[in-house]
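The structure appears right after this line, and notes come after that.
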Amino acid sequence: MITITRLHAFDLIPTKRKKSITIIASNLNTSILDHLPDPSLGFGSSSIGSDSLNIVEKFYNSTQFSTCGSIVLILSKRNPDENDISKLIAKVRSHHGMVHVIASNTPSGGSQPLTLYDLSSKTNGLADFRIDDEFDESVIPFAGLNYPIVNYAVNPLVSGNGSTVLPPLYQAHRSQAKLTVTVQNHGTIDALQSFDLFWYNASSSTNGGYGLDYLRNGTIEYDWLTLDAAIYNMTLEYSYSDNTPFKMQIRQYVMIDTDYWTPYAD
């Protein structure tokens, strides 16, 4: 069960925006299905960019309730036109917030396809690119919402073939966790060939690794595991069919509260 405090439709024609906010507290899928958008109220031109970024900013500017530590999930069919989101990233971070994105492989408009990916990357969130009728199969609700505490977040820059030593993962308590990897900054999968993520501590019995297995037709691979309390060395190996650099999203989400805020990844 995921508690929703606000569901907001966006990309509506201006005269209908007043009707776009609903306050609810319910199951995520049920809430969305009960408040599906009306296509007749949407933008009629592909040249118009999404106003999703404005909605995120308004949410974190709200004085009706505390947004400290809140999580935003954007279901996006249309890309924004903005590419400089430094102020919005600072706003989300100042509230210790996090933004996840489930975006369409076939956007209906907007000129900046990487903006929402960058927003999620720099707020310790995830981005998943999918076909439109499979948004509900994204792993984000299971990994980034049901397990709402981010314990590890890095955005390693990768291209071509290689390996890299990542910052260590500090596991304060033995617990279950979701370890996720976003393998492309766009859909569909067209460049990824393989990846393997490894974690190791000489005193731990829960060392291991995982790689490309089952992407569920999206761009996020994940593993559900239990880790001993330890500091783990982290290593990433990867292979892409081209040399275009991009930043992967590697996250560990847990359910156990910590007494500190995990630093934001750049």
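Here are the numbers for the structure shown:
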read-out	value
Tally, over the range 207-238, of residues that are buried (at least 16 other Cβ atoms within 10 Å of the Cβ) and over 17 Å from Leu166 (Cβ atoms)	6
Condition met for Val72 (touching a strand residue (DSSP E or B) at 6+ places or on another chain (Cβ under 6 Å), modelled with pLDDT of 95 or more and buried (at least 17 other Cβ atoms within 10 Å of the Cβ))	no
Matching entry among Ser104, Ser120, Ser86, Ser94 (being modelled with pLDDT of 95 or more, closer than 24 Å to Thr182 by Cα and exposed (fewer than 15 other Cβ atoms within 10 Å of the Cβ))	Ser86
Enumeration of residues in the range 171-198 that are in contact (Cβ under 8 Å) with a residue 60 or more places away in the chain and surrounded by fewer than 14 Cβ atoms within 10 Å (Cβ to Cβ)	His173, Gln176
Any pair with Cβ under 6 angstrom, 6 or more apart, that starts in the range 53-80 at a residue that is at positive phi and ends at one that is surrounded by 15 or more Cβ atoms within 10 Å (Cβ to Cβ)	Gly69/His96
Every residue from the range 128-157 that is small (Gly, Ala, Ser) and over 11 Å from Ala103 (Cα atoms)	Ala143, Gly144, Ala153
Listing of strands (runs of 3 or more DSSP E) fully contained in the range 199-266 that carry 3 or more residues being in contact (Cβ under 8 Å) with a residue 40 or more places away in the chain and more than 25 Å from Gly69 (Cα to Cα)	230-240
Matching residues, the range 115-136, being assigned to a helix (DSSP H, G or I) and closer than 13 Å to Ile71 by Cα	Leu119, Ser120
Per-region count, the range 55-110, residues assigned to a helix (DSSP H, G or I) and either touching a Pro at 6+ places or on another chain (Cβ under 7 Å) or β-branched (Val, Ile, Thr) (or both)	4
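The values are calculated or read from the model by the stated rules, or taken from the named source; none is laboratory data. All of these numbers come straight from a predicted model, not from anything done at the bench. Here the Cβ is made from the backbone with ideal geometry for all residues, glycine too, and neighbour counts use every protein chain on show.
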